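The values are calculated or read from the model by the stated rules, or taken from the named source; none is laboratory data. Because the structure is predicted, anything quoted here is derived from the model rather than measured. Methodologically, a virtual Cβ is constructed for each residue, glycine included, from the backbone with ideal geometry; neighbour enumeration extends over all protein chains shown.
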Amino acid sequence: MTLTTVIRANSYADSLFLEANHFYSNQYYSEAADLYDQLINQGYGHINLYYNLGNAYYQQGHLGNAIWAYEKGLELNPRDSDLKFNLTVANARIVDRVRVPEPFFLLKWYGALKQSFSPSQWLMAISSVLLGSAALSTVAKLWENRLSKILMTVSSAGLMLVILFSAVFADIYFDISDTEAGVVIAHEGRVYAAPSKSSNLLFVVHEGTKAEISSRQYPWIEIELIDGKKGWLDSNLLRPL
């Protein structure tokens, strides 16, 4: 697992980032992770930062925090091949590997389409296609010839793409707004029927497991796993995404 060398935020952030990289290169993974986390806590969120943080945690055997970092990096760029590869490697070590039925191929294709770009990248695509369509339409109105019909056809196709992309973006936006998730960072966590250790123990989750957060009742959170299991977990055992 290699390092990236700069986050291009400002001189202070880059200096701290390079210091963390120095610790990592000398196998002081805990010190490196502390500095990477310090940058994140100060508001720096860069794909290279999350990538290196994930590697530092992975080298320590802290699977949950490594997966958390890779997931955060993929939120910024879902197509990053290094992050996707490292996340796949880390996920292969999860104890709670729940198998779910394969979705209908159209749903699978649509899910892959949604994850092709981050929300900001979808917005950029929508803006670019919209501006391009508007420009072609304007040129077509100025040129009254056979080429203008072709330009209008291309412009109309562009507007259809804008509608499609906008629908996908809206779906992503509502997913993000309605869903809060996190990753288990403790070796294991006991999940109870109610927000109390005196309630019935339902099941145990292990480090690296991803779960949706349904509700909160400090210091407890209600989680739901991908297979539908629900229960209450100590909030300190899960790191929100």
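Within the stretch 27-37, the only residue that satisfies the criterion of being at pLDDT 95 or above and of a type in the set (S, T, N, Q) is Ser30.
Do we have any residue at all in the stretch 114-124 that's of a type in the set (A, V, I, L, M) and at pLDDT 75 or above? Yes, that holds for at least one residue. Looking only at residues in the stretch 38-67 that are modelled with pLDDT under 95 and of a type in the set (Val, Ile, Thr), the one that is nearest to Phe85 (Cα to Cα) is Ile47. Here the stretch 78-105 is the region considered, the condition is being modelled with pLDDT of 75 or more and among the hydrophobic types (A, V, I, L, M, F, W, C), and the residue that is surrounded by the fewest Cβ atoms within 10 Å (Cβ to Cβ) is Ala92.
Condition check ((1) under 19 Å from the mean Cα position of the chain (by Cα); (2) more than 17 Å from Thr179 (Cβ to Cβ)) across all residues:
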{"site": "His206", "(1), (2)": "no, yes"}
{"site": "Gln217", "(1), (2)": "no, yes"}
{"site": "Ile221", "(1), (2)": "no, no"}
{"site": "Ile226", "(1), (2)": "yes, no"}
{"site": "Trp232", "(1), (2)": "no, yes"}
{"site": "Asn236", "(1), (2)": "no, yes"}
{"site": "Arg239", "(1), (2)": "yes, no"}
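For the stretch 182-237, a tally of residues being of a type in the set (Ser, Thr, Tyr), assigned to a strand (DSSP E or B) and modelled with pLDDT under 95 returns 2.
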